[in-house]
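K.L.:
To start, I am sharing the structure in question, which I have written as structure tokens.
The values are calculated or read from the model by the stated rules, or taken from the named source; none is laboratory data. On a predicted model such as this, the values are computed, not experimentally measured, just so you know. Cβ: placed from backbone, ideal geometry, glycine included. Neighbour counts: every protein chain shown. Ligands, DNA and RNA are excluded from the accessible area calculation, which covers all protein heavy atoms including side chains. Shrake-Rupley method; radii C 1.70, N 1.55, O 1.52, S 1.80 Å.
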Amino acid sequence: MLGLFDKKTFLRDIPPVGRIFPLCYHNSLTASSQKLSARFSAGLIEPPDFRPIFHEHGYEHKPRPLVIREDENRFLSAGWGLIPKWVKSVEKANQMQNGNLNAKSETIFELPSFREAILERRCLIPSTGFYDSKEVLKNTYPYRVFLIHEEIFCLAGIWDEWTNPETGEVKKTYSMLTTPPNKKFSQIHSRMPLILPRKLEDVWIDQSLKSQKEIEPLLQIYPEENMDFYTIRKFKTDDEFDEDILKKVDYPELSQLELF
DNA sequence: CCAGACGTTGTT
DNA sequence: GTCTGG
DNA sequence: CCAGACGTTGTT
DNA sequence: GTCTGG
């Protein structure tokens, strides 16, 4: 039974321990900087070389514009995946960044990585649609998800600043909050980004809110009525500026499966 | 006290 | 930085 | 992005 | 080489 024969059979027949499942980590921001400035009443966009992003992939950690409030709104350039300021090594920082693409809204006030940021450093993550994949029979089908009545909307984020102990470089990073899905979204995924109703955008980045009691009521599951989605082509690497990711693509076998 | 973790996802 | 486990 | 896997058999 | 998972 045991011995030479058969480690691999054993591993395959038992659910893999620690198997990791997909997170929410594909986004887009296809608006021009003029449009973004107008939408958020903020000048000079950061990063200064911003151009519309058709497919942003979280594990690339590329700086992109967020919106924060100081005296007035302003853009802040940060990379996806929050590195807490207390992380001591570059190696740990990289690991941590990969693990912190999302922050679960249900536990965000307790966890060491997030509890200070949720009280003090909330940000808007402007988006023109995010992407998520549905898994069916071991295949993945990517979807574009968007709001029917709002070309540009905001996902809830928190951010932090970390100093690289080797180079002294200061890095700004952020996490995207997640919630359970609404009924419609649960067709494709079990977790959903926290979409902020437009009326709550100002409140979210209001720095005078500093307690769990005030902030917790903002962590709501976005209602499905204003959301829609459709299937798109599979993701590729280096397709950040490839606008055909926006196009609807049908998967006949998926439509077949959905009949049952 | 010191060392090590600090996170996300879902349940074949 | 702060908490947990040994 | 990077790291790691990448296969076969039959069915309690 | 290419795909998947994190």
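K.L.:
Going by amide H atoms built from the backbone, whose H comes under 5 Å of the H on A:Asn100, apart from near neighbours?
P.N.:
A:Leu82
K.L.:
Now, a different point. In debye, nearest 20: dipole of chain A around its Cα centre with unit charges on the Cβ of K, R (+) and D, E (-)?
P.N.:
Taking the Cα centre of chain A as origin, the dipole is about 540 debye.
K.L.:
Identify the GluC sites (Glu not before Pro) of the range A:97-171 meeting these criteria: DSSP loop state and at most 15 other C-beta atoms within 10 Å of the C-beta. Mind dumping the intermediate values first?
P.N.:
On the way: sites: A:Glu106, A:Glu110, A:Glu116, A:Glu120, A:Glu135, A:Glu150, A:Glu151, A:Glu161, A:Glu166, A:Glu169; in loops: A:Glu106, A:Glu110, A:Glu150, A:Glu151, A:Glu166, A:Glu169.
Sparse-neighbourhood loop GluC sites (Glu not before Pro): A:Glu106, A:Glu110, A:Glu150, A:Glu151, A:Glu166, A:Glu169.
K.L.:
Find the relative contact order for the range A:126-208 and round it to a whole percent, using C-alpha pairs within less than 8 Å whose residues are 6+ positions apart.
P.N.:
26 percent
K.L.:
Which one of A:Asn139, A:Pro112, A:Ile158 has its Cα pushed farthest toward the positive end of the charge dipole of the range A:111-177, where Lys and Arg give +1 and Asp and Glu give -1 at the Cβ?
P.N.:
The one lying farthest along the dipole's positive direction is A:Asn139.
K.L.:
Let me ask something else about it. Per residue, what accessible area does the range A:153-260 have, given a 1.4 Å probe and all protein chains present, in Å²? Write down the numbers at each step before the final one.
P.N.:
Working: 5950 Å² over 108 residues.
The answer is 55 Å² per residue.
K.L.:
Quick one: what are the phi-derived ³J(HN,Hα) couplings along the range A:28-42, Karplus 6.51/-1.76/1.60 with θ = phi - 60°, whole Hz, x for glycine and proline?
P.N.:
Residue by residue, the range A:28-42 yields 8, 8, 9, 7, 6, 5, 4, 4, 5, 4, 5, 4, 10, 6, 9 Hz.
K.L.:
With springs only between Cα atoms under 10 Å apart, run a GNM on chain A and tell me which of A:Lys88, A:Lys213, A:Lys138 wobbles the most.
P.N.:
A:Lys138
K.L.:
Based solely on its DSSP helices, what 222 nm [θ] is calculated for chain A when runs of n ≥ 4 H residues each add -39,500 (n - 2.57) and the sum is averaged over all residues, nearest 500 deg cm²/dmol?
P.N.:
Only helices count here, giving -4500 deg cm²/dmol.
K.L.:
Sticking with this structure for a sec: Pop out the ³J(HN,Hα) list for the range A:146-152 in order, Karplus 6.51 cos²θ - 1.76 cosθ + 1.60 with θ = phi - 60°, rounded to Hz; leave Gly and Pro as x.
P.N.:
So the Karplus estimates, Gly and Pro as x, are 8, 9, 5, 9, 9, 5, 10 Hz.
K.L.:
Report, to the nearest whole %, how much of the accessible area of chain A belongs to carbon and sulfur atoms, 1.4 Å probe, protein only.
P.N.:
The C+S portion of the solvent-accessible surface of chain A is 56 percent.
K.L.:
Also, quick follow-up: Using the Cα centre as the reference, give the magnitude of the dipole from point charges on the C-beta atoms of the range A:100-253 (Lys, Arg: +1; Asp, Glu: -1; all else neutral), rounded to the nearest 20 debye.
P.N.:
440 debye
K.L.:
Next question, about the same structure. Excluding A:Ile118 itself, what net charge comes from residues whose Cβ is under 13 Å from its Cβ, given Lys and Arg +1 and Asp and Glu -1?
P.N.:
Working: positive: A:Lys104, A:Arg115, A:Arg121, A:Arg122, A:Lys210, A:Lys213; negative: A:Glu106, A:Glu110, A:Glu116, A:Glu120, A:Asp160, A:Glu214, A:Glu216.
Local charge sum for A:Ile118: -1.
K.L.:
Around A:Ile53, under 10 Å between beta carbons, what's the net of Lys plus Arg minus Asp minus Glu among the other residues?
P.N.:
Counting the neighbours of A:Ile53, the net charge comes to +1.
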